[in-house]
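What follows is a single structure, written as structure tokens, with notes after it.
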Amino acid sequence: MVNEALERKSHASELAVRMSEVRLLLPSSEEVEFNGATTRVDNAWLHEAVNDVVKIAESGADRRLSMLGEISARLARLRQSVKAARTAEDQALDAQRARLDDILARPEYRQEEKRESAIARWIRRVIEFIVQKLFGGSSARAPQAGGAGLITVLRALILLVVTAALIYGAAKLARRFQARRKPAEEAETREALGEEIPDDATAADLFAMASDLARQGEYRKAIRRAFIALLCDLDQRGKLRLGRSKTNRDYLDAMRSEQRIYPTFSVMTVAFERTWYGQERATKEEFQNFVTLYQEAVR
């Protein structure tokens with residue numbers, strides 16, 4: 001985002017929005033779990049730097065671009081350091097996965113793959129029994145020359161009828177199971193992040209509720225409701241599908257192909273996570289920043 005602001009030489013209003021997104025992506029301080037340890041990360045330098053950029057946005061462009069360049073260079077160094085550490089961690093994880101694959105490849109863990117289901121085994125045995133009775137058997141007498149062809153045809157017809165009956169029965173049984181599941185699926189209501197959404201509620205209705213919560217000073221709840229409003233808006237536009245068991249990260253993965261919306265949606269997801277799951281006290285400014293991102297996403 002900083003590099004884009006540099007390349008586009010963003011004007012003051014656009015730069016303020018982008019720097020707001022940068023602040024949301026990297027909070028001033030946060031706890032990060034990495035390589036089995038929890039580290040307290042201090043990003044106060046970044047917040048001070050982007051605030052200074054916004055303050056002088058209306059003044060000389062050369063100084064603004066110079067400050068953005070310094071921020072970009074420092075972020076690049078941090079990214080390279082984290083990437084090097086993560087490469088070492090990924091190599092260790094790959095070694096663990098390889099050992100696990102070796103264990104699961106042992107014969108004692110692959111027996112389940114060789115077992116037939118009870119229904120498949122029963123059908124196979126019935127067919128083998130019928131084939132043996134119709135076409136085999138040591139007690140079968142040699143047919144008369146004139147009736148041999150007719151007996152063969154009758155046996156084939158009987159086998160086809162029995163096989164068709166077995167297939168029909170299996171299909172009917174499968175439909176019965178599907179019919180039992182269907183009412184439960186139809187009974188599902190719209191739900192996002194553990195909150196049921198009335199059928200007649202629109203994204204605009206939910207966003208209005210978020211604004212009401214903000215006026216009452218409930219900024220943390222307001223950000224959650226605004227995020228759910230965004231999910232409903234994207235669902236209405238066919239960008240994603242709401243689901244009872246889906247998490248905010250599932251929705252983020254679903255939006256990766258939406259190049260225009262994904263960057264803003266990613267920033268909003270991080271802001272929602274930090275505010276709601278991080279149990280942090282949200283401020284009026286944070287809600288206003290979230291609203292700005294919301295309006296940019298739905299535009």
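Every number here is computed from the coordinates shown, using simple stated rules; none is lab data. Given the structure is predicted, the values throughout are model-derived calculations rather than measurements. With ideal geometry, Cβ positions are generated from the backbone for all residues, glycine too; neighbour counts draw on all protein chains shown.
What to note about this one:
- Computed from label points 7 Å out along Cα-Cβ, the spacing between Leu25 and Ala76 is 1.5 nm.
- Over 31 Å apart at the Cα level, from the set Lys9/Lys221; Lys9/Lys284; Lys55/Lys284, are Lys9/Lys221.
- For Arg190 and Ile158, the FRET efficiency from 1/(1 + (r/R0)^6), where r spans their Cβ atoms and R0 equals 45 Å, is about 0.25.
- For Arg260, neighbours were defined as the other residues whose beta-carbon sits under 11 Å from its Cβ, and their charges (Lys and Arg +1, Asp and Glu -1) total 0.
- Sorted fewest first by neighbouring Cβ atoms within 10 angstrom, Arg97, Arg224 come out as Arg97, Arg224.
- Estimated from the Cβ-Cβ distance and a Förster radius of 45 angstrom, the FRET efficiency linking Lys83 and Asp200 is about 0.40.
- A simple charge model with +1 on the Cβ of Lys and Arg, -1 on the Cβ of Asp and Glu and nothing else charged puts the dipole of segment 223-270 at about 100 debye relative to its Cα centre.
- Rough spin-label spacing in nm, given labels placed 7 Å along Cα→Cβ, for Lys55 and Leu173: 7.6
- For peptides 46-52, 269-275, sequence by mean Cβ density within 10 Å, most packed first: 269-275, 46-52
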